[in-house]
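A short write-up of the structure that comes next.
Just so it is clear, none of the values below were taken in a lab; they were calculated from the coordinates. This structure is a prediction, so every number in the text was calculated from the model and none was measured. Positions of Cβ are generated from backbone atoms using ideal geometry, with glycine treated the same way; all protein chains shown enter the neighbour counts.
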Amino acid sequence: MKKEQTKRPIDDAKPCSDDGSLLFSLETLVEHRLHKISSWKHLRSTPFLVILSSPLIYVCALPFLLLDVAVALYQLVCFPIYGIPKVRRKDYLIFDRGKLAYLNTIEKVGCIYCSYANGLLAMITEIAARSEQHFCPIKHAHTLAKAHSRYAKFLPYGDAPAYRKQSDGLARAYDDLAPGNK
């Protein structure tokens with residue numbers, strides 16, 4: 001999955017050494033600028049109901065921020081006690097789209113919001129997955145629409161002997177995580 005995410009759509013893009021984002025050639029940047037639509041033109045072409053409903057999207061930032069603080073505190077206090085490796089924020093909260101020259105200010109704000117919301121929820125999913133592995137590493141009886149990263153390690157549903165024999169060891173089985181994620 002990581003390899004697919006790092007495929008470069010532009011042949012001349014080179015990785016930037018400081019944050020891993022891409023640096024584009026001058027020619028590509030000029031092309032990007034040509035595709036940029038001004039914020040005013042963007043607003044004028046946006047349907048009125050979209051503009052009217054936008055505050056409903058952005059008001060969700062408040063619960064996201066509260067959830068972020070609560071989960072950060074939970075991980076900070078509880079994970080060391082339980083021996084669970086912490087989830088690194090920088091692996092999930094990535095704000096690189098704001099550097100794209102073809103986005104206007106409104107689009108960049110939207111990208112920041114979406115990056116935060118989706119990255120935060122993905123990070124929380126990983127925190128919950130590691131917590132579930134520690135406390136209840138049992139697969140469900142029914143197939144999940146999307147299983148989290150730790151689910152494949154879980155014990156079969158209804159296998160009481162396996163649960164009693166293996167759950168304590170499984171609660172500490174994070175050797176498959178990358179060294180920076182332990």
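Relative to the current alpha-carbon distance between L62 and F48, full extension at 0.36 nm per residue lengthens the span by 2.6 nm. For the residue pairs K108/K146; K36/K99; K36/K108, alpha carbon separations beyond 18 Å are given by K108/K146.
Multiplying the residue separation of A141 and L34 by 0.36 nm and removing their Cα-Cα distance gives an extension gain of 33.1 nm. Near the amide H of L23, within less than 5 Å, lie the amide hydrogens of K14, C16, all on another chain or at least 5 residues away, with H placed in the peptide plane.
Globularity index of the chain is 1.34 (Cα radius of gyration / 2.2 N^0.38 Å, N = number of residues).
Under a model in which nothing but the beta-carbon of Lys, Arg (+1) and Asp, Glu (-1) is charged, segment 36-136 shows a dipole of about 440 debye around its Cα centre.
Within the chain, helices built from complete DSSP H runs that reach 24 Å or longer along their own axis (Cα positions) and carry a mean Kyte-Doolittle hydropathy of 1.0 or higher are 61-82. In terms of packing, defined here as the mean over residues of other Cβ atoms within 10 angstrom, the peptides 120-132, 39-51, 81-93 line up highest first as 120-132, 81-93, 39-51.
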